[in-house]
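A.B. asks: My structure is below; once you've seen it, I'll send some questions.
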Protein chains: 2
Amino acid sequence: MAQFTVHARSGDYPVVVEAGGLSRLGRFVRSLGPRGRAVVVSDANVAALHGPLALRSLRSAGFSVRLVTVPPGERSKSRRQLSALWDHFAASGLERGDAVVALGGGVVGDLAGLAAATYLRGVPLVMVPTSLVAQVDSSIGGKVGINLAAGKNLVGAFAPPRGVLTDPRLLATLPARQLRSGLAEVVKTGMAVDARLFEFVERAALRLRDGDRASLARAVWLAARAKGWVVSHDEHEGGLRSALNFGHTLGHALEAASGYRGLLHGEAVVVGMRAGARLSVAEVGLPERDRARLEAVLDRLELPQRMPPTPLARLLRGMASDKKRRGGVVLWVLTPRVGSASLPRPVDGRRLRAVLLELGARVVR
Amino acid sequence: MAQFTVHARSGDYPVVVEAGGLSRLGRFVRSLGPRGRAVVVSDANVAALHGPLALRSLRSAGFSVRLVTVPPGERSKSRRQLSALWDHFAASGLERGDAVVALGGGVVGDLAGLAAATYLRGVPLVMVPTSLVAQVDSSIGGKVGINLAAGKNLVGAFAPPRGVLTDPRLLATLPARQLRSGLAEVVKTGMAVDARLFEFVERAALRLRDGDRASLARAVWLAARAKGWVVSHDEHEGGLRSALNFGHTLGHALEAASGYRGLLHGEAVVVGMRAGARLSVAEVGLPERDRARLEAVLDRLELPQRMPPTPLARLLRGMASDKKRRGGVVLWVLTPRVGSASLPRPVDGRRLRAVLLELGARVVR
């Protein structure tokens, strides 16, 4: 078992990374304070795989347990599912001393996290991330939210969990495409904030792609710790934390343009990172060699080299509703070198269009 | 102009109390940071009375302004209205550097406050309370929320405003019943935390009941400052702040039992305070003389002496879903003396039933 602590304004919380850790979920939740009831929120796929062990562990630790599932996929990050969770919590008689356990990937964590943060003005939340994206990124840092038709994560909160229990063994059940998509976020964290993590992924790329258990466990540990370090220093995204948005301005717009169906989140971020790196060469002096290293590692992980055909105008409109926009100007996080990010900044419009066209955007007349 | 500062974890904020202050709303919002857009959330009644001046002031200060109104009344504290506000914010292109202005009573403040707290994970909120309850209580302290069928304020957040602008002159347009209902919260704050405020209300009761402008301005200042002092010391209701729930355990259950229609919030709290005081005599040694003082001042303010006929069982059920419940036990804030409150505690069930029957609850067979 390995563990680190994340600092948050509302209280520090532990992130435990432990192969096989799911079986001691109940004791972990108890150690964080909650007693009584635990509502486990999951999706139908994850619940079938890992629900029984999670529930058994919670019951052994004395919790009265209720399982609530939502349909798998990004489209569950909706007001309808949020509202349904509130009703489930009310029907369960959930109290402030009880717990909500988010057992699933980023969608479940974001949705259950927002529901827990807003029910009774905040019920303790324990994250049990089961996807790679969630283990290395979304479970840590307290960003929770749902999507509106107008854009991704437009409704949400900064609401740190009471604790995070990460079991890298759960990754063994992930479909290969999901796994590779998650590796995109590992690459992102390496490229934007941690050169040593980036170098590890470069060395281990083929083993990671093939799901080698030890390499994955190592990547999870390094990437989760790097994310924890960043959000401990900048919980509310005043500066440093925005580095983690590398690739996300375009990534979110691409996901929205596809109705959250065509590309997985990490795949959309890959296209965003390729765009970001190409812009970085011209705008912030990223050495061409480092751009090539980034794209090469993405290639070795068999991640997308371009976007599906997407109307350019729709992408530009999508980026214009990004949360990070100020005064109507879209801001990009760029990378002047491997392991380092610029503060969000506007980019040259002509250059941006050229890069988007290179990556597969279409001009529709 | 008088002003005090409230301490909150996410940053201190000013509460300005100024007769005629509404005309300088625009400059006030600018002084707090926001630039660009301001979405003013109000209800149809308040918007008709005070909307034009508020909008003019914001425009003069350079804001691009949009007004959104919701139907007056507690029933607007709903997920439907919350969701509609999110859509309005998205349609306005609201950004994190813009502002939401809540112009109205407690309902508008609670609803707009939750919408602002959850849009883009938090857009600056400026409270402009127009009812007495809002001026002395709900605009200060950062509690925002909506109701579910299962209970009042079950969904919400602790989300302090960026600032509060209180103009006691706005009270001149309040219906007399609304005003008296607001005075109930002033009495509550006096009884539970500030004996000098209580004594002021005792002395000025008839002038306050009749809407005397100077007495009201004084009461607003004293009660708002007392509330600010309490929440500065206990933002998240770990102890001290729960004193302000005096009268509210039963009050919320009564409001829910009437479908949020029969009684105004303050009137329901009055019945709750009468019950709380009667229980306090037996349970925490409130001198009988002090119980009589409390009930006498409520009588002089022409506030309800009993509840409308309400099934006892429904009240007990309603209290059982109170947020302050722990392990299924309903907790009451009691008052051992004027100006002082006990921590939330269980009360004797038989005594509670007797008091509820005295106050008008009915046993239905």
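A.B. asks: Conditions: (1) modelled with pLDDT under 95; (2) part of a helix (DSSP H, G or I); (3) within 11 Å of chain A (Cβ to nearest Cβ). B:Arg96 meets all but one. Number of the miss?
C.D. replies: Single failed check for B:Arg96: (2).
A.B. asks: Looking for whichever is among the basic types (Lys, Arg) and more than 19 Å from A:Leu197 (Cβ to Cβ) here; the options are A:Arg291, A:Arg300, A:Arg337, A:Arg350. Which one fits?
C.D. replies: A:Arg350
The rows are residues; the columns are (1) within 17 Å of the chain's Cα centre (by Cα); (2) of a type in the set (A, V, I, L, M, F, W, C); (3) more than 15 Å from B:Ser215 (Cα to Cα).
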position	(1), (2), (3)
B:Ala150	no, yes, yes
B:Val155	yes, yes, yes
B:Thr166	yes, no, yes
B:Leu183	yes, yes, no
B:Val187	yes, yes, no
B:Val201	no, yes, no
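A.B. asks: Quick check on my filter: what residues within the range B:57-73 are over 18 Å from B:His265 (Cα atoms), away from chain A (no Cβ under 14 Å) and open to solvent by 20 Å² or more (accessible area, probe 1.4 Å)?
C.D. replies: Once the filter is applied, which keeps residues that are over 18 Å from B:His265 (Cα atoms), away from chain A (no Cβ under 14 Å) and open to solvent by 20 Å² or more (accessible area, probe 1.4 Å), the range B:57-73 yields B:Arg59, B:Ser60, B:Val65, B:Arg66, B:Leu67, B:Thr69.
A.B. asks: Let me ask something else. Given the conditions (1) touching a helix residue (DSSP H, G or I) at 6+ places or on another chain (Cβ under 8 Å); (2) outside any loop (DSSP other than H, G, I, E, B); (3) within 11 Å of chain B (Cβ to nearest Cβ), which single one is not true for A:Ala102?
C.D. replies: (3)
A.B. asks: Report whether or not B:Ser76 is small (Gly, Ala, Ser), open to solvent by less than 50 Å² (accessible area, probe 1.4 Å) and more than 11 Å from chain A (Cβ to nearest Cβ).
C.D. replies: Details: small (Gly, Ala, Ser): yes; open to solvent by less than 50 Å² (accessible area, probe 1.4 Å): yes; more than 11 Å from chain A (Cβ to nearest Cβ): yes.
So B:Ser76 passes the test.
A.B. asks: How do the pairs read when you match residues in the range B:16-44 that are more than 12 Å from B:Asp98 (Cβ to Cβ) with residues anywhere that are in a strand (DSSP E or B) and open to solvent by 50 Å² or more (accessible area, probe 1.4 Å), using Cβ under 8 Å and keeping only pairs 6 or more apart or on different chains?
C.D. replies: That search, which allows pairs on different chains as well, returns B:Val16/B:Gln3; B:Val17/B:Gln3; B:Val41/B:Thr69; B:Ser42/B:Leu67; B:Ser42/B:Thr69; B:Asp43/B:Thr69; B:Ala44/B:Thr69.
A.B. asks: Now for a different question. Of the residues A:Val46, A:Val16, which is away from chain B (no Cβ under 14 Å) and surrounded by 21 or more Cβ atoms within 10 Å (Cβ to Cβ)?
C.D. replies: A:Val46
A.B. asks: Please go through the range A:1-10 and give me each residue that is outside any strand (DSSP E or B) and open to solvent by less than 30 Å² (accessible area, probe 1.4 Å), ordered by number.
C.D. replies: Passing the criteria: only A:Ala8.
Residues are listed down the side, and each one gets a yes or a no for (1) without any contact (Cβ under 8 Å) to a residue 24 or more places away in the chain; (2) in a helix (DSSP H, G or I); (3) open to solvent by 10 Å² or more (accessible area, probe 1.4 Å):
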position: A:Val269; (1), (2), (3): no, yes, no
position: A:Ala277; (1), (2), (3): no, yes, no
position: A:Ala282; (1), (2), (3): no, yes, yes
position: A:Asp290; (1), (2), (3): no, yes, yes
position: A:Leu294; (1), (2), (3): no, yes, no
position: A:Arg306; (1), (2), (3): no, no, yes
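A.B. asks: Out of curiosity, is B:Asp110 assigned to a helix (DSSP H, G or I) and either on the phi > 0 side of the Ramachandran plot or surrounded by fewer than 22 Cβ atoms within 10 Å (Cβ to Cβ) (or both)?
C.D. replies: no
A.B. asks: Could you look through the range A:79-93, keep only residues that are within 20 Å of A:Arg35 (Cβ to Cβ) and in contact with a helix residue (DSSP H, G or I) (Cβ under 9 Å, 6 or more places away or on another chain), and pick out the one that is farthest from the other protein chains (Cβ to nearest Cβ)?
C.D. replies: Taking the candidates together, the pick is A:His88.
A.B. asks: Search the range B:19-43 for residues being away from chain A (no Cβ under 14 Å) and part of a loop (DSSP other than H, G, I, E, B), and hand back the single one that is nearest to B:Met127 (Cα to Cα).
C.D. replies: Among those residues, the one meeting the criterion is B:Leu32.
A.B. asks: Of the numbered conditions (1) modelled with pLDDT under 95; (2) open to solvent by less than 10 Å² (accessible area, probe 1.4 Å); (3) more than 9 Å from chain A (Cβ to nearest Cβ), B:Val128 satisfies every one except a single condition; which is it?
C.D. replies: Of (1) modelled with pLDDT under 95; (2) open to solvent by less than 10 Å² (accessible area, probe 1.4 Å); (3) more than 9 Å from chain A (Cβ to nearest Cβ), only one is false for B:Val128: (1).
The values are calculated or read from the model by the stated rules, or taken from the named source; none is laboratory data. Predicted model only: the values in this text are computed from it and were never measured. Note: ideal-geometry Cβ built from the backbone for every residue, glycine included; neighbour counts use all protein chains shown. Only protein heavy atoms, including side chains, enter the accessible area calculation; ligands, DNA and RNA are left aside. Shrake-Rupley method; radii C 1.70, N 1.55, O 1.52, S 1.80 Å.
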